[in-house]
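The values are calculated or read from the model by the stated rules, or taken from the named source; none is laboratory data. Since the structure is predicted, the reported quantities are computational estimates derived from the model, not experimental observations. When we count neighbours, we look across all protein chains shown, and the Cβ atoms used for this are built from the backbone with ideal geometry, even at glycine. Note: areas computed on protein heavy atoms with side chains; ligands, DNA, RNA excluded. Shrake-Rupley method; radii C 1.70, N 1.55, O 1.52, S 1.80 Å.
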Amino acid sequence: MTDPQLRPSPRARLLWALSAGLMWLPVFIAQIVWALIDTDRTSWPHVTVLVVSAVLAALHIAIVPAWRYRVHRWEISDTAVYTRTGWLSQERRIAPISRVQTVDTERGPLDRLLGLATVTVTTASSAGAVKITALDQGVADDTVARLTDIAGRTVGDAT
């Protein structure tokens with residue numbers, strides 16, 4: 001069986017970079033508060049922590065979204081939903097259409113800002129739902145409609 005072929009939206013990289021940047025925001029706010037409280041702001045602990053944080057944040061914001069975009073794939077056939085996700089730890093999921101219970105669309109604030117959505121396919125699986133992240137809104141809507149149609153035509157107990 002081949003890997004899924006479809007990629008998320010090209011704007012997924014921007015979504016993941018903004019998410020990473022927002023994750024680092026509390027770290028830098030804490031460093032500012034620490035510098036305001038401590039009178040010796042230029043001491044080696046402050047400078048070291050600032051430099052290490054800046055390097056790690058820059059790597060996280062610049063490299064991880066591009067890496068994730070290279071890995072993330074998805075595809076829907078008449079028999080299954082296929083996904084490949086992750087960046088450091090990668091996961092490949094195949095969910096048979098006969099096991100699909102619900103299909104949902106989710107849009108957080110950053111998703112709405114960028115015109116993206118996540119399609120969540122809930123299945124009768126202990127591994128949890130299959131998520132297809134960072135799709136263009138139109139692609140997500142079409143995917144939900146297609147999955148709903150295929151699941152409605154498929155005989156199965158979805159348990």
Place a +1 charge on the Cβ of each Lys and Arg in region 1-127 and a -1 charge on the Cβ of each Asp and Glu, then give the dipole magnitude about the Cα centre in debye, rounded to the nearest 20. 320
Average projected area of the Cα convex hull of region 1-88, in nm²? 7.1
Quantify, in whole percent, the carbon and sulfur part of the accessible surface of region 5-66 (1.4 Å probe; protein heavy atoms only). 78
Over every pair of different alpha-carbon atoms in region 16-159, take the mean of 1/r and invert it; report that Kirkwood radius in Å. 17.8
Proximal charge balance of Asp149 [Cβ under 12 Å; K/R count +1, D/E count -1]: 0
If you count only protein heavy atoms with a 1.4 Å probe, what accessible area per residue comes out for the chain, rounded to a whole Å²? 58
Between Ala54 and Arg11, the FRET efficiency computed from the C-beta separation at R0 = 35 Å comes out, to the nearest 0.05, as 0.85
Scanning the chain for helices, which whole DSSP H stretches are 20 Å or more long along the axis (Cα) and average 1.6 or more by Kyte-Doolittle? 12-37, 44-62
FRET efficiency for Asp142 and Glu91 from the Cβ-Cβ distance with R0 = 25 Å, rounded to 0.05, comes out at 0.55
